[in-house]
1. Could you check the stretch 72-86 and list, in sequence order, the residues that are without any contact (Cβ under 8 Å) to a residue 12 or more places away in the chain and part of a loop (DSSP other than H, G, I, E, B)?
2. I'm checking my understanding of the structure. Among residues of the stretch 32-61 that are surrounded by 10 or more Cβ atoms within 10 Å (Cβ to Cβ) and in a helix (DSSP H, G or I), which one is modelled with the lowest pLDDT?
Amino acid sequence: MIMEHRQSSSSRRTPTTTRLFMAYLWMVGAVFYYFRYERPPKSHRDLPHSGLETPPLLPLHPLVTIVVPCHNEGRDIEDTVEYLLATTYPNFDILLVNDGSNDENTADPRRARRTTP
């Protein structure tokens, strides 16, 4: 005698439905957490000693090196370098690292180099 175990239709959920519900729950929780704990009220953003005031302007800007790995990024490297050159920070270097690319475009990073004023 074999007994069959049947689940009611209300308790039967597909794994996809459960995953979507959990993803939705995580997203709602993240938004709630941000607005409740992370985002300061407007009245506190520029108060002294709140840790949220605008940082002071530096008299000297230290040199910053931006390291960009370029593994088979031949078609995108020019756009990446152009975007990095548009930064507002005044003292920076861009270091393109070719880490064994197979495409011919990344083999010569000099074609992505531009002169800045």
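The values are calculated or read from the model by the stated rules, or taken from the named source; none is laboratory data. Bear in mind the structure is a predicted one, so any value in this text is a computation, not a measurement. Here Cβ is always computed from backbone atoms with ideal geometry, including for glycine, and neighbour counts include all displayed protein chains.
1. Of everything in the stretch 72-86, those that are without any contact (Cβ under 8 Å) to a residue 12 or more places away in the chain and part of a loop (DSSP other than H, G, I, E, B) turn out to be ASP76, ALA86.
2. Ranking the qualifying residues of the stretch 32-61, first place goes to HIS44.
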